[in-house]
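The next block holds one structure in the form of structure tokens; read it before the comments.
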Amino acid sequence: MKYKKIFVFMLIMSVLTTVYGQEKHRTKLIPTKLSIYRLPPLERAISCIKFYEDWHGEKKHWPYVGWGHKVLPYERFTNDITKTQGDSILRADMRKLCRLFRKFGRDSTLLSC
């Protein structure tokens, strides 16, 4: 009987600390006016790619330029493109791949990443 009381007490304490921890954590996460989840899916995907993909602006990264665009044989890009040009290339690549995966519906953005 003694062990049951200890077990119930420990269970209640762990539930209370879990609930309290979630409430405390939730108040920190309700944030900001510029939350990524408020963006449309394509903009959200572009933001994630820019965050996780390094900028390829040096010769050692060739044939990749911008945010991971592989230069194709008929393209004439160099490593000294601006970030605005890199953004434009990334958006063009994402639109092209979204069109390619269009038959998968709303998962086309995920597949294009």
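Being more than 14 Å from residue 49 (Cβ to Cβ) and free of Cβ contacts under 8 Å to residues at least 12 places away in the same chain is the filter; apply it to segment 73-95 and report the residue that is least open to solvent (accessible area, probe 1.4 Å).
75
Considering only segment 10-52, state which residues are open to solvent by less than 100 Å² (accessible area, probe 1.4 Å), of a type in the set (Ser, Thr, Tyr) and at pLDDT 85 or above.
The answer is 47, and nothing else.
Filter segment 61-74 down to the residues that are at pLDDT 85 or above and outside any loop (DSSP other than H, G, I, E, B) and list them by number.
64, 65, 66, 69, 70
If you go through segment 102-113 one residue at a time, do you hit one that is touching a residue at least 12 places away in the same chain (Cβ under 8 Å), more than 22 Å from residue 42 (Cα to Cα) and surrounded by 12 or more Cβ atoms within 10 Å (Cβ to Cβ)?
no
The values are calculated or read from the model by the stated rules, or taken from the named source; none is laboratory data. In this text the structure is predicted, and so the values were computed from the model without any measurement. Here Cβ is always computed from backbone atoms with ideal geometry, including for glycine, and neighbour counts include all displayed protein chains. Heavy atoms of the whole protein, side chains included, go into the accessibility calculation; ligands, DNA and RNA do not. Shrake-Rupley method; radii C 1.70, N 1.55, O 1.52, S 1.80 Å.
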